[in-house]
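See structure below.
The values are calculated or read from the model by the stated rules, or taken from the named source; none is laboratory data. Since the structure is predicted, the reported quantities are computational estimates derived from the model, not experimental observations. A quick note on method: Cβ atoms are made from the backbone with ideal geometry, for glycine too, and the neighbour counts reach across all protein chains shown. Keep in mind that these areas ignore ligands, DNA and RNA; they rest on the heavy atoms of the full protein, side chains included. Shrake-Rupley method; radii C 1.70, N 1.55, O 1.52, S 1.80 Å.
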Amino acid sequence: MRVYLPLTLSWLAELHRTGQAGPAPLTAYAVTPALREWYLSGSQEELEYAALSRAALASLRLLAADPAAPRRRVVVAADVPDRSAVADPDRALEPDALGEVRLTEAVPLAKMAAVHVDGADAEADVAAAAGAVGAADAGDDDAQFTVDGAADHELLWYGVQEIDRLV
């Protein structure tokens, strides 16, 4: 199963140092049955993009919790065994949990397919969004507008072999 693991650049540096994302459990995003049902008419590529986007939002929440981390969202795409990515059946259809899976094993670097990172031009919008994401989650429309400003920036694609240049 392809999963999208939200990180920060600080966590990406740790992953590069240790050779894995972990320890488990880890929260990631994937094309789950609930995500597929929610988007009714999306192609597999569109559903993968939706899972990636949900992971990017989760990365923004990680940035909000770590003011020292560089203000760039990071998402790692990895291929894990289906048995190690478990969706919570009690939360599967909740809008804020769509596509969310819990990884029961650490993810080795060898299982990672790509890294998606904001470009330098997104830093100001991502910083503002990280400061507003809590209020947006609480229903503040102005804060949601700020969070959406970060989402307007497409994450850049990097090969796993390029992680050393990113950190």
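The listed residues are A77, A151, A130, A113, and the only one of them that is among the aliphatic types (A, V, I, L, M), modelled with pLDDT under 95 and under 17 Å from the mean Cα position of the chain (by Cα) turns out to be A151. Per the listing D90, D118, the residue uniquely charged (D, E, K, R) and at pLDDT 95 or above is D118. Here L40 fulfils each of the conditions (1) on the phi > 0 side of the Ramachandran plot; (2) modelled with pLDDT of 95 or more apart from (2).
Can you pull out the residues in region 77-93 that are in contact with a helix residue (DSSP H, G or I) (Cβ under 8 Å, 6 or more places away or on another chain) and either under 24 Å from A124 (Cβ atoms) or open to solvent by 50 Å² or more (accessible area, probe 1.4 Å) (or both)? D79, D88, R91, L93 - these are the residues of region 77-93 that are in contact with a helix residue (DSSP H, G or I) (Cβ under 8 Å, 6 or more places away or on another chain) and either under 24 Å from A124 (Cβ atoms) or open to solvent by 50 Å² or more (accessible area, probe 1.4 Å) (or both). Across region 50-74, the number of residues qualifying as over 11 Å from the mean Cα position of the chain (by Cα) and open to solvent by 10 Å² or more (accessible area, probe 1.4 Å) comes to 8.
Scanning region 147-159 for residues that are assigned to a helix (DSSP H, G or I) and open to solvent by 50 Å² or more (accessible area, probe 1.4 Å) turns up D148, A151.
Out of curiosity, is A78 of a type outside the set (D, E) and more than 22 Å from P23 (Cβ to Cβ)? The answer is no for A78. Looking across region 22-49, the residues that are open to solvent by less than 60 Å² (accessible area, probe 1.4 Å), in contact (Cβ under 8 Å) with a residue 60 or more places away in the chain and within 16 Å of E100 (Cβ to Cβ) come down to A24, L26, T27, A28, Y29, A30, V31, T32, A34, L35. Find the helices (runs of 4 or more DSSP H) located wholly in region 9-117 whose residues include 3 or more that are closer than 23 Å to D137 by Cα, and list them. It comes to 33-38, 44-65. Residue-level check: of (1) open to solvent by less than 10 Å² (accessible area, probe 1.4 Å); (2) farther than 17 Å from T32 by Cα; (3) in contact with an Asp or Glu (Cβ under 8 Å, 6 or more places away or on another chain), A97 misses just (2).
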